[in-house]
Structure formats: structure tokens, C-alpha cells
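The values are calculated or read from the model by the stated rules, or taken from the named source; none is laboratory data. Here the structure is a predicted model, which is why all the values come from computation and not from measurement. Using ideal geometry, Cβ is built from the backbone for each residue, glycine included, and neighbour counts are taken over all protein chains shown. These area figures cover heavy atoms from the full protein model, side chains too; ligands, DNA and RNA do not enter into them. Shrake-Rupley method; radii C 1.70, N 1.55, O 1.52, S 1.80 Å.
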Amino acid sequence: MTKKITKQEAAELLERYNKDAFHLRHAAIVAGVMRYFAGALGYGEEADFWELVGLLHDLDFELYPEEHCMKVQEIMRKEGLEERLIHAAASHGYALTVDIEPEHEMEKILYATDELTGLIGAVALMRPSKSVQDLEVKSVRKKYKTASFAAGCSRDVIERGAQMLGWELDELIEKTILAMRTCEQAD
Ligand SMILES: [Fe+2]
């Protein structure tokens with residue numbers, strides 16, 4: 001039996017496995033970005049589901065970094081969650097830790113934006129406003145080229161994601177900035 005999980009249940013599940021504020025913040029950002037893209041790409045009726053995928057995609061990362069995207073499948077199955085949610089979460093480790101390829105457009109968006117939101121967030125923090133509201137693509141591109149800047153945000157993954165979507169890198173960056181503007185939290 002699989003069950004549909006509510007946003008409240010997903011938040012509780014997330015907080016059972018993630019205590020680190022950085023991870024919780026990342027989950028919230030990716031959830032908001034996924035919700036935005038669902039609407040922007042014509043999947044408005046699925047926006048709640050896209051948001052859940054964003055919220056739970058890194059569920060296993062804090063406790064099982066060595067088994068990232070593998071352990072999450074086990075945890076989600078134990079929780080009785082839907083297979084499409086499990087596939088979506090696991091597929092963001094494609095070509096890294098798992099051989100589960102992003103298939104649905106939602107999965108490609110997750111793949112392309114997961115690392116990129118980290119890089120864009122890091123660029124925003126360098127600005128006086130510390131915000132993405134006035135952030136432009138060219139500022140991101142400048143930092144993007146510097147491999148040592150936000151080095152943990154894999155340019156390979158971002159570019160592979162853009163390729164999966166058939167988007168130019170600038171287009172992906174621009175749309176992801178717009179997405180992040182809709183869900184920026186005041187710190
Ligand atoms: Fe992530």
C-alpha cells in the first residue's frame with residue numbers, strides 16, 4: 001500500500017531525518033523552486049507533488065551521505081510512499097550515486113536546479129541586499145566561472161541538467177533566479 005503524504009506529514013518526516021538548519025533551509029528552497037516550476041511549465045495541478053519532491057529529495061543526505069539517493073529509497077518505501085516520489089528523489093543522484101535517470105520533466109528540473117540553487121544563494125549572499133530579488137544572470141555567470149566559488153555546487157550536474165531540459169545555461173539560471181524570488185525567506 002502506498003500513501004499520499006500531506007505537506008505536514010512530509011515536513012515531520014523531513015525533521016525526523018534532518019536537524020541541520022542548512023539542510024532544512026535547502027529543502028525549503030528546493031520545495032519552493034519546484035512549486036514555481038510546476039506552475040511555470042504547465043503542471044499547476046501537480047504543484048503540491050512537485051513541492052513534496054523538493055522538500056524530501058535530500059531526506060537521506062544528513063544521516064547517510066555515503067548512501068545518498070540510495071538510502072532515501074529504503075526510507076521512503078518503509079514509510080509507504082508513492083513510487084513516483086521515490087523515483088523522483090533517487091533520480092537526482094543520476095550519474096553520481098545511482099543509475100536512475102531523470103525521466104519526467106519534474107525530475108529534470110530537480111536535477112538541474114538542486115545544485116544551482118546553492119550557487120545562486122551563495123552569490124546572493126555576497127550582495128549588499130543578500131537577496132535574489134535584485135540578482136542578475138551575469139552576476140551568477142561571473143561566479144559560476146570561478147571553480148573555487150561554491151565549489152560544492154557541481155557545475156557538471158547543473159550543465160547535465162540544462163542539457164536534459166534542452167535549455168541553455170543562461171536560460172536555466174534566469175528561470176531559477178525567478179523561481180527563487182518567489183520563495184525567498186527573510187532570515
Ligand atoms: Fe538537494
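Brief remarks follow.
- Among the residues of this structure, Ser129 counts as one that is modelled with pLDDT under 95 and out of contact with any Gly (no Cβ under 6 Å at 6 or more places or on another chain).
- Only listed residue being in contact with a helix residue (DSSP H, G or I) (Cβ under 9 Å, 6 or more places away or on another chain), of a type in the set (A, V, I, L, M, F, W, C) and touching a residue at least 24 places away in the same chain (Cβ under 8 Å), chosen from Met106, Met76: Met106
- The stretch 10-23, residues that are more than 15 Å from the chain's Cα centre (by Cα) and either within 13 Å of the ligand (Cβ to nearest atom) or assigned to a helix (DSSP H, G or I) (or both): Ala10, Ala11, Glu12, Leu13, Glu15, Arg16, Tyr17, Asn18, Asp20, Ala21
- Boolean, Ser139 is polar (S, T, N, Q) and outside any helix (DSSP H, G or I): no
- All of Glu107, Glu79, Glu101 fail the test of being away from the ligand (no atom under 16 Å from the Cβ), touching a Ser or Thr at 6+ places or on another chain (Cβ under 9 Å) and closer than 29 Å to Gly39 by Cβ, apart from Glu101.
- His68 being surrounded by fewer than 23 Cβ atoms within 10 Å (Cβ to Cβ) and either in contact (Cβ under 8 Å) with a residue 24 or more places away in the chain or not β-branched (Val, Ile, Thr) (or both): yes
- Test for Gln163: is it open to solvent by 60 Å² or more (accessible area, probe 1.4 Å) and either at pLDDT below 95 or within 13 Å of the ligand (Cβ to nearest atom) (or both): no
- Filter result (more than 16 Å from the ligand (Cβ to nearest atom) and either assigned to a loop (DSSP other than H, G, I, E, B) or of a type in the set (Val, Ile, Thr) (or both)) within the stretch 116-136: Val123, Met126, Arg127, Pro128, Ser129, Lys130, Ser131, Val132, Gln133, Asp134, Leu135, Glu136
- Applying a threshold of 6 Å to beta carbon distances and a minimum spacing of six or more residues, or different chains, the list of pairs starting in the stretch 118-141 at a residue that is farther than 15 Å from Glu184 by Cα and ending at one that is open to solvent by 30 Å² or more (accessible area, probe 1.4 Å) reads Val137/Asp170; Val137/Glu174.
- Of the residues making up the stretch 77-106, not one is open to solvent by 10 Å² or more (accessible area, probe 1.4 Å), under 27 Å from Phe149 (Cα atoms) and part of a helix (DSSP H, G or I).
- Residue that is surrounded by the most Cβ atoms within 10 Å (Cβ to Cβ) [pool: residues in the stretch 107-153 that are of a type in the set (S, T, N, Q) and more than 27 Å from Ser91 (Cα to Cα)]: Ser139
- Complete set of residues in the stretch 24-69 that are touching a helix residue (DSSP H, G or I) at 6+ places or on another chain (Cβ under 9 Å), outside any helix (DSSP H, G or I) and within 15 Å of the ligand (Cβ to nearest atom): His57, Asp58, Leu59, Asp60, Phe61, Glu62, Leu63, Tyr64, Cys69
- Positions within the stretch 159-178 being under 13 Å from Val137 (Cα atoms) and not β-branched (Val, Ile, Thr), in sequence order: Glu168, Leu169, Asp170, Glu171, Leu172, Glu174, Lys175, Leu178
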